[in-house]
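The values are calculated or read from the model by the stated rules, or taken from the named source; none is laboratory data. This structure is a prediction, so every number in the text was calculated from the model and none was measured. Neighbour counts are summed over all protein chains in view; Cβ atoms, including those assigned to glycine, are modelled from backbone coordinates with ideal geometry. Side chains are part of the model used for accessible areas, which takes the heavy atoms of the whole protein and leaves out ligands, DNA and RNA. Shrake-Rupley method; radii C 1.70, N 1.55, O 1.52, S 1.80 Å.
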Amino acid sequence: MTESTKYLCPPVIFLMGATTSGKTALTMALCQKLPLEVISVDSALIYRGMDIGTAKPSAEELAISPHRLINIRDPAEVYSAANFCRDAINAIAEITAAGRIPLLVGGTMFYFKALLEGLSPLPSADPEVRTRIERKAAVIGWGGLHRKLQQIDPIAAKRIHPHDLQRLLRALEVFFVSGNTLTELIKISGEALAYRVHQFAIAPLERALLHHRIEQRFHQILAAGFEHEVGMLFSRVDLHKDMPSIRCVGYRQMWSYIAGEIDYDDMVFRGICTTRQLAKRQITWLRCWPGIHWLDSNLTVALNSILQVLSV
């Protein structure tokens, strides 16, 4: 798509930011000013029954501004970047066809990147190949399979933790199905998003403020019944701590506490630390992201900045 063609396309707004940066409040304010429909870009908000720990928008907030791609999967189900791109593109098309503007909001940066630039041509899941890999794991262990991946694709093996069974399985599956490594294939981009995209990022200027917000929110979710929420998940026989849903920030730490692996204070400490690490990764992504308009974390200033950019 050329530059001249791009400006004939319908507009799409990306609102990105670290956790607790103020995306939800800014989204609510924007929806009062513009004919928007919101699409969630968050790999945790997709799960039903995971409301407190994900700081999912409240029922009141969703009544004001309904979010698409929230509560679309059970925690036992897998949801990939490819699934997200398919669902988001369909939602964008429906929203623009209705004469409204899609506002994509969230902190899952890889989803934004995949949607904007296109996904690499990775092969679809192959149940037969997966079964063979799982049988091999039963013989040599997942650690043995991780060492196998180190021989096949050392770059991917360095990036994938030996206990991250889903990603380890996928990396091996890609190689056995396609004959190419995951590292080779992800260098190839798919079709870029065919819309005029305005990209905004919001983050507190002071790291200390971000850390304070993270700690404050974690204690708020604890007070709101987070332990009971995770306890309901823990009681299910079809869930375990290595599943993508339970690896969400905060959930794995609470799961370990309920399982008796750590005490309460350690759970709180780890939950806050892992949330800070998530925020750091999100900000690192954004700092390397081209074409972003940076926003002040002050709600009024950020809102006016967006409206000014969109009016140009």
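Values for this structure:
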item: Given (1) assigned to a helix (DSSP H, G or I); (2) touching a residue at least 40 places away in the same chain (Cβ under 8 Å); (3) out of contact with any strand residue (DSSP E or B) (no Cβ under 8 Å at 6 or more places or on another chain); (4) closer than 29 Å to MET16 by Cβ, number of the condition VAL129 does not satisfy; result: (4)
item: Filter result (among the small types (Gly, Ala, Ser) and under 28 Å from GLY22 (Cα atoms)) within the range 201-242; result: ALA201, ALA203, ALA208, ALA223, ALA224, GLY225
item: Pair list, Cβ under 9 Å, 6 or more apart: the range 164-190 residue within 17 Å of LYS136 (Cβ to Cβ), other residue open to solvent by less than 20 Å² (accessible area, probe 1.4 Å) and modelled with pLDDT under 85; result: VAL174/LEU185
item: Those residues of the range 172-209 which are loosely packed, with under 15 Cβ neighbours inside 10 Å and of a type in the set (Val, Ile, Thr), in sequence order; result: ILE188
item: Enumeration of residues in the range 90-104 that are under 21 Å from the mean Cα position of the chain (by Cα) and crowded, with 17+ Cβ neighbours inside 10 Å; result: ALA91, ILE92, PRO102, LEU103, LEU104
item: Test: residue in the range 186-196 that is at pLDDT 90 or above and touching a strand residue (DSSP E or B) at 6+ places or on another chain (Cβ under 6 Å); result: yes
item: Some residue of the range 37-58 being over 28 Å from HIS219 (Cβ atoms), of a type in the set (A, V, I, L, M, F, W, C), under 14 Å from the mean Cα position of the chain (by Cα) and open to solvent by less than 20 Å² (accessible area, probe 1.4 Å); result: yes
item: Counted residues, the range 231-272 - those being under 29 Å from ARG207 (Cα atoms) and surrounded by 15 or more Cβ atoms within 10 Å (Cβ to Cβ); result: 20
item: Residues located in the range 23-35, provided they are touching a strand residue (DSSP E or B) at 6+ places or on another chain (Cβ under 9 Å), farther than 18 Å from ALA279 by Cβ and open to solvent by 10 Å² or more (accessible area, probe 1.4 Å); result: CYS31, LEU34, PRO35
